[in-house]
Amino acid sequence: MNAHVTPSSCRPSTRGRARHAALLALLACLALIVAACSSNSSTQPSALSQSAASTAPPSLTLYTSVTQNTVDSVVAGFKSVHPGASVTVFRATTGAINARLAADERTGGVRADVIWGTDPLSMQAYAAQGLLRDKPIASPTGIPTQYETNALYPTRLLYVVIVARKGLTPLPVSWSDLTNPAYRGKVAIPDPAAAGSALAALGYFATAPGYGMSYFQQLKSNGAVQVATVPEVVTDVAQGRYELGITLDSEVRTAAAAGSPVQIVWPTPGPIALYSPIAVTTATKRVAAADAFLDYVLSSDAQKRIAATGWQPVLPGIAGPPIPAGVVPVSADWPSLFGQQKALLQQYQALFGS
Amino acid sequence: MAGRTAVRAGAALVAAGLLAALAGAPLVELARIAAERGWRAAFDALGSAQNLGALRNTLIVGCAVTAVAVACGAAAALAVERRPLRERRLLRLAVAAPLLTPEFVLGFSWSRAYGPAGFTDRYLHVQLPGLLGPTGIIVALSAHALPLAYLVVAASLATRPVGQLERAAHASGAGTLTVLRTITLPLLRTPLLAAAALVFVTCVNSFAIPEVLGTPAGFSTMSTLVYDDLNLSADPDAFRQLAAVALTMAALVLVVIGAADVVLGGPQTAEAAGRVTSTPSAVARRSRTATWTPRVLVTAFALFAAAIPLVVLAADAITRAPGLSPAPSHWTLANFSAAMAGETVPALARSLALAAAAAVLIPAMSLAVVATGPRVRGPLGTAVTLAYAIPGSALAVGVLIAYGRWFVGSALIILIAYAGKLWALGHRPVAAAAARLDPALTRAARASGAGPLTAWRAATLPGLAPALAAGGALVLIFASHELTMSSILYGPGTQTLAVVVLNQQQLGQTGPTSALALVLGIPPLLAGLALAHGRRTAAAANATSRRPTTAAIPVTAGTA
């Protein structure tokens, strides 16, 4: 087994130099790649220094679980109000944002300036960990005060409803109907450890008279299946994998508009209303930019964009998607649930975990 | 030769240091966090019903898949490797297709093709029973891992006189079963065990298939548990528990590898693969059954495991909305543009940059191992292979704890994980090529007055170059669609392509997910075709000159 080496390659002549050049090119290439990979970190110091100069356009990092098209529209609006602004968006499920924040804290601190969440329970948990700044901005007039806490400002209302496959008969009328044997094995529910609105729904049912955790027990024994996220529930129902599911009204409207065979059922006693809070982190070094973003999201311009992308805004006078007459949303007493998130999830996972 | 000793010592230092940094430190950090409250508390935390369930599920899946994949893979190798050269190459590629398909793409496309409300369910009213759950995970992972077993057995068939001995036994009047029992299986004992260990390790490492097919059934394995537990990891107790689970995963595979090593008698690697002593295809038996059975079975396997699911993906990718039939009136290209919006294009560029960086770094790292000289090379190579065995989820959590604070907001942390995990992929071809180099060449160069560096560059490097390129190519393929570690290590502005695809799938965006899954899945298949073609030309060149060949590079595993 001899490796053949041609005589020419033994001569340390031009070929050696050529190879040397190739090696140098390779190293340069690697340096470029490394620079490309770390571009994110290298932009941060310059962004940090911007907060000192108040005239510079705002620059911030936003962690959010809000639907992509809503975030895109609101960020675009922010940029048009603040020309030259830059917003680094980290959009993921509520669960993935929890994981991100936990990883951030273990590796040198939270890197978000603003967190815009889906549900009050997850956001309040961040506040309880001291991640969120108290009273960063003066609350704009008209924002419903019943939702405000020290750190959280409501940005929009979400309605948890039932999605049904077109043509399903009979349709469920109440939340309790999902435990009806007629729908055995046909109901999909979102994972409250991944989806904030599912966590809020869990909080509502756990404390609502006549439901409690036994509601989930009944769902489980009726063969309900847990999938990951709220939109995935709608997709699975559209594809016919399940006939019914617990999801958000806006997701069903979007899917139906695209042609998917799904419809909204507004169950009794009512769709579960929850508010989607926004807050500034205590770790931010770009206070002015973060505050400017909050101010913008609560302005009528951003609220109109929120309405246009399918959600109920919180500012009075801006119309959101229509709700049928006679439907009255229900809600949980969120502050009474603060601090119970972990216990609720554990009880739930004892039923729906593996 | 003081110069040579110094070079070898330096190389050994570099290689050992890299191993310690890329595999050792993450494991140590994992252990430190797991045992923050003492080992007793760590064991207690591990004993929760959820953790024990995941451990049990991992063992069940691992053992079942190992049994199925090794049995079928070996059978396929025995049948196919006896076919004439040209046919063998085609069949080999067909067998390898499900391994070349990224794990996520395989899991997702299977669920769309054969799952409830999938294509076969809607149009033929049949579905694969239990696809969403343990049965489905076992079947899909078996299809993904079968090519691994096939490759290991095929490589050993090329170096053992199995064919001749079997024919001798047949000629002496032994029946087929007797030949299998007394000749074939004893001869293949070592490769079968090696294949079993490799498949088992791949199963424990596997994340995407259990995540996609297991979640709807509430069936979690250790790797999906680590991923899900990250959602709750703000709680220090939950994080310690997660570290303990990850550490247990690593321990599990290291025990299995260690046991396999003992049974196999020392660190026996595929480095002998270059010694081709027989061509088993030369005198194949020519009965019609022997000709057609492998053809039909292998084609059916490739159709079922890869081709049909990929066609279904393509149909989903051009259908306007979930729940609509893929009729021409519902066709659209909007899913592709939607798929490419937002983070996707930067993520695609990032994945390619990371894969390219890993593909350059890893061969260089392998050179350092090879440069340590023949005696140290073996043990270091074994350590590199062991680093590959560490499950991606465990390694990623370890890397996050060990290096997270130094790589804030940078994708370089993902590169560190890739370098540790994928090192073995790039190392195997280089080590095999190095073992075949003739040391006399270097001596001749030195005797002619060349310095150590010149001698190395002139006599050693040219012999290693094809293997370095092959190793780099393998790393490039697997790094470009890596998911397990990226899904744990990504942050704001550092998503990889596979992470974007997983997130879209979890958001139920079937159309864009399918479109991106195609983007993710087609290039590795094309690369496989190209590699096979390259090997064919290499083999052709080999037939004319008497150069050593890298024909039996073991494609060791899928990691996405």
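A short reminder: the numbers here are calculations on the coordinates, not readings from a lab. It should be emphasised that the depicted structure is a prediction, and the values quoted were computed from it without experimental measurement. Please note: Cβ atoms are built from the backbone with ideal geometry, for glycine as well, and neighbour counts cover all protein chains shown.
Convex hull volume per residue, computed on the Cα atoms of the stretch B:59-152, equals 105 Å³. The label-point distance for B:L13 and A:E148, in a model that sets each label 7 Å from Cα toward Cβ, rounds to 6.5 nm. Can you give the Kirkwood hydrodynamic radius for the stretch B:41-81, in Å, rounded to one decimal and based on Cα pairs? Every distinct Cα pair counted, the radius reaches 12.3 Å. Rounded to the nearest Hz, the phi-derived 3J(HN,Hα) couplings of the stretch B:465-475 under the Karplus curve 6.51 cos²θ - 1.76 cosθ + 1.60 (θ = phi - 60°) are 3, x, 5, 4, 5, 4, x, x, 5, 4, 4, where x marks glycine and proline. Here the stretch B:452-523 was treated as a single set of alpha-carbon atoms; its pair distances binned every 10 Å from 0 give 17, 33, 21, 15, 11, 3 percent. For the stretch B:357-397, the mean projected area of the C-alpha convex hull, equal to one quarter of the hull surface, is 3.3 nm². About its Cα centre, the dipole of the protein assembly as shown is roughly 4300 debye, where the only charges are +1 on Lys and Arg Cβ and -1 on Asp and Glu Cβ.
Here the dipole of the stretch A:150-298 is about 160 debye; that uses its Cα centre as origin and unit charges on the Cβ of Lys and Arg (positive) and Asp and Glu (negative).
The largest-to-smallest principal axis extents of the Cα set in the stretch A:178-278 are 39, 37, 25 Å.
Across chain B, the fraction of Cα-Cα pairs farther apart than 34 Å, rounded to a whole number, is 41%.
Need one number: the % of Cα-Cα pairs in the stretch B:383-463 sitting beyond the 22 Å mark. Roughly 50 percent, rounded to a whole number.
Put in line by how crowded their Cβ is, counting other Cβ atoms within 10 Å and starting with the fewest, A:E105, B:E36 read B:E36, A:E105. Counting pairwise Cα distances across the stretch B:114-178, what percent come out greater than 17 angstrom? When every Cα pair of the stretch B:114-178 is considered, 65 percent fall beyond 17 Å.
Antiparallel beta bridges, as assigned by DSSP with both residues in the protein assembly as shown, represent about 60 percent of the total such bridges.
Per residue, the convex hull spanned by the alpha carbons of the stretch A:80-159 comes to 139 Å³.
Counting pairs on different chains as well as pairs 8 or more places apart, how many Lys pairs in the protein assembly as shown have Cα atoms under 23 Å apart?
Close lysine pairs found across the protein assembly as shown: 6.
Short version: ³J(HN,Hα) in whole Hz for each residue of the stretch A:246-263, in order, from phi by Karplus 6.51 cos²θ - 1.76 cosθ + 1.60 (θ = phi - 60°), x for Gly and Pro, what are they? With coefficients 6.51, -1.76 and 1.60, one gets 9, 7, 9, 4, 4, 5, 5, 4, 4, 5, 5, 5, 7, x, 5, x, 9, 9 Hz. Using the empirical formula 2.2 N^0.38 Å as the baseline, the Cα radius of gyration of the stretch B:310-416 reaches a ratio of 1.64.
Per residue of A:292-300, how many C-beta atoms from partner chains lie within 10 Å of its own C-beta, taken as a mean?
On the way: counts 0, 0, 0, 0, 0, 0, 0, 0, 0.
If you average over the peptide's residues, the count of other-chain Cβ atoms is 0.
As a size descriptor, the averaged projected area of the C-alpha convex hull of the stretch B:217-261 was calculated at 3.6 nm². In order along the stretch B:53-64, the phi-based Karplus estimate (6.51 cos²θ - 1.76 cosθ + 1.60, θ = phi - 60°) of 3J(HN,Hα) comes to x, 5, 4, 4, 4, 4, 5, 4, 4, x, 5, 5 Hz; Gly and Pro are listed as x.
At 20 °C and a viscosity of 1.002 mPa s, what translational diffusion coefficient does Stokes-Einstein give for the stretch A:279-354, taking Rh as the Kirkwood radius over Cα pairs? Give it in µm²/s as a whole number.
The calculation lands on 132 µm²/s.
Exposure proxy ranking for A:D249, A:D295, A:D333, based on other Cβ atoms within 10 angstrom of each Cβ and starting from the fewest, stands as A:D333, A:D295, A:D249.
Database remark: amide H of A:V89 closer than 5 angstrom to the amide H of A:L62 (H placed geometrically; neighbours at sequence offset of 5 or more, or on other chains; Pro and chain starts carry no H). Between B:R295 and A:S80, the simple label model (points 7 Å from Cα in the Cβ direction) yields a spacing of 6.5 nm. The residue list B:L85, B:G53, B:A113 was ranked by how far each Cα lies along the charge dipole of the stretch B:20-168 toward its positive end, using unit charges on Cβ atoms, and B:L85 comes out on top.
By the count of other C-beta atoms within 10 Å, a proxy for reagent exposure, A:F338, B:F108 are ordered fewest to most as A:F338, B:F108.
Please report, in whole Å³, the volume per residue of the convex hull around the C-alpha atoms of the protein assembly as shown.
182 Å³
Mean projected area of the convex hull spanned by the Cα atoms of the stretch B:102-150, taken over all viewing directions: 3.4 nm².
Computed log10 I(q)/I(0) for the stretch A:128-240 at 0.12, 0.16, 0.21, 0.23 Å⁻¹: -0.56, -0.85, -1.20, -1.37, from the Debye equation with unit scatterers placed on every C-alpha and solvent omitted.
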